[in-house]
1. Write out, first by first residue and then by second, each pair whose Cβ atoms fall under 7 Å of each other, whose residues are 6+ apart or on separate chains, and whose first residue, in the range A:62-85, is assigned to a loop (DSSP other than H, G, I, E, B) and at pLDDT 95 or above while the second is among the basic types (Lys, Arg) and buried (at least 18 other Cβ atoms within 10 Å of the Cβ).
2. Residues A:190, A:179: which one is within 14 Å of chain B (Cβ to nearest Cβ), of a type outside the set (Ser, Thr, Tyr) and not in a loop (DSSP other than H, G, I, E, B)?
3. Do you know which residues across the range A:381-395 are under 22 Å from residue A:127 (Cα atoms) and either of a type in the set (A, V, I, L, M, F, W, C) or surrounded by fewer than 19 Cβ atoms within 10 Å (Cβ to Cβ) (or both)?
4. Could you go through the range A:328-341 and let me know if any residue there is away from chain B (no Cβ under 14 Å), surrounded by fewer than 19 Cβ atoms within 10 Å (Cβ to Cβ) and either assigned to a loop (DSSP other than H, G, I, E, B) or touching a strand residue (DSSP E or B) at 6+ places or on another chain (Cβ under 9 Å) (or both).
5. Of everything in the range A:175-204, what is under 26 Å from residue A:365 (Cβ atoms) and touching a Leu at 6+ places or on another chain (Cβ under 6 Å)? Give them in sequence order.
6. Residue A:163 - would you say it is more than 30 Å from residue A:402 (Cβ to Cβ), of a type in the set (A, V, I, L, M) and buried (at least 24 other Cβ atoms within 10 Å of the Cβ)?
7. Name the residues in the range A:238-249 that are in contact (Cβ under 8 Å) with a residue 24 or more places away in the chain and under 21 Å from the mean Cα position of the chain (by Cα), would you?
8. Taking interchain pairs and intrachain pairs at least six residues apart, which have beta carbon atoms under 7 angstrom, with the first residue in the range A:45-59 and loosely packed, with under 15 Cβ neighbours inside 10 Å and the second of a type in the set (Val, Ile, Thr)?
Amino acid sequence: MPPGLDNLRHIVVLMMENRSFDHMLGSLTAVNPQIDGVTNQLSNPDTTGALVKPQALAEFQGQLDPDPDHHFPAVDLQIFGGDTSPNRVANMQGFVKSYFNQQKDVGHSQKIMYYFAQNQLPVLTTLALEFAVFNRWFASIPGPTICNRAFAHYGTSFGRVDMNLLYVNEPFKSIYDRLINATPKHTSKLYYYDTASSTMEITNLLQNQPELFGTYQQFLDDCKTGNLPDYSFVEPNYSDHDSDNGEEVASDQHPDHNVQAGELFIASVYKAIKQNANLWQSTALLVVYDEHGGIYDHVAPPACTPDQFQASPNDTGTGMPFAFDRLGVRVPAILISPWIPKGTIVNRVFDHASIPGTVTKFLLGDYSPRSPRETSADVFIEPNAAPVDPARNLLSLDTMRTDCPDFDV
Amino acid sequence: MALIHVPRPQNAWNPNRPINALLKSQIVHLHEAELKLPVMLQTGIYINAIKTESEAADYVRQVTEAIHAAHQAATAKRARSRVRRTGKVRTKKKRPSKPRRET
């Protein structure tokens, strides 16, 4: 068995907010052309018909205000460029038009095409170049946060494409329920930043199973003492607020929150794991964004296995039903472990249903029931059962790396 | 590999920033949970009047802590009643056996 998988005891997922792949990692094509980011061939028309190219002019804060629309109808416009015909094809030509709808300002609407230069994001770009970056990780739904985060916890959004509360649990259990009720029992925890930031989407779990939750300080303590659960889901800080520690700056990177604060947070999670040598060799950390937040990306989302649910034309707001049979816009995703070769690029297709899918298969093996979307989603960690396909195993090194980066956080 | 410097954000903290759609939905979700709490643990905050991130954070904190408190109270109560039940059995007085009559 590959030693990376043999040693793996902990999977940690850090889910950030609302940034597209091209916006955050698009600059890396210039470093490694195999990373499918921004090129000079790309553009979007503005409302005057002029073509707007992506430019490395993104700012940490103050640029994407108002928050770009990323509800279902707006994302439909972004992906299909306004084409509503039955046989339409995704062309990713409606981002500038969509942002124009919010302020009716042509100049401002062009900012949706801006991306970060590599040196602006030393944490995210370093991790992408040092470990495994996913060229085809998509949001689960062409829609907003809540329904997309649901896929990370349940493998489905139970038919929702919006921000409404999910009344769930049957028939598809959360990944946490599956783990803590398994035989043998597994451990699992959701770490929100603090009680003033709390959890996003899974209020349902919070009000019924608060024992599943901990704070970010507890995450840091659990890393230090070697008490990290088998599976952890980490949430960033969603708001600027006061605390006993002083001023807490939102670290979720949701526009218009400061992107550098998110960089610090990502580095802090990475460092907490890396500082404990035992934990570092036995942990895989996935950094992923919940959805693109209305920001430009050039890769058309592919079709996927339909879920067993259907959203009505009224629910989608587009006049068309949605069978959960295509993915949302592409987002940044990076898998981190000292067993991953430097510069790994993954071209297989993933979405957030891959998260419970991977954790379930790795820790529990066969499990049912799971949603059709989760069952068909690819896994980013191979189940540690013979035979492991070396072409698919990302934790493939025979010996652990000793050249992994450190950040001054 | 050299230590990589991570720049710190400058002047980023703005607790008076108007809440975004995400925080609004979080507040609505927590409000639904709040309505199921015992009345004495409810905040009495009118959520439609929450406008800034600082106000949102204060509400989110109060409800999150109240949810934990409600569950902790229920757990403690359960434990107490378990002790009471167990205690009853243990402290049950034995009836003094009647002296045997010599036959």
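1. A:63/A:111; A:64/A:111; A:82/A:97
2. Details: A:179 fails: within 14 Å of chain B (Cβ to nearest Cβ).
It is A:190.
3. A:381, A:391, A:392, A:393, A:394, A:395, listed by residue number.
4. yes
5. Those that are under 26 Å from residue A:365 (Cβ atoms) and touching a Leu at 6+ places or on another chain (Cβ under 6 Å): A:176, A:182, A:186, A:188, A:190.
6. On the way: more than 30 Å from residue A:402 (Cβ to Cβ): yes; of a type in the set (A, V, I, L, M): yes; buried (at least 24 other Cβ atoms within 10 Å of the Cβ): no.
No.
7. Result: A:238, A:239.
8. What qualifies is A:47/A:106; A:48/A:106.
The values are calculated or read from the model by the stated rules, or taken from the named source; none is laboratory data. None of these values were measured; they are calculated from a predicted model. Glycine gets a Cβ as well: all are built from the backbone with ideal geometry, and neighbour counts include every protein chain shown.
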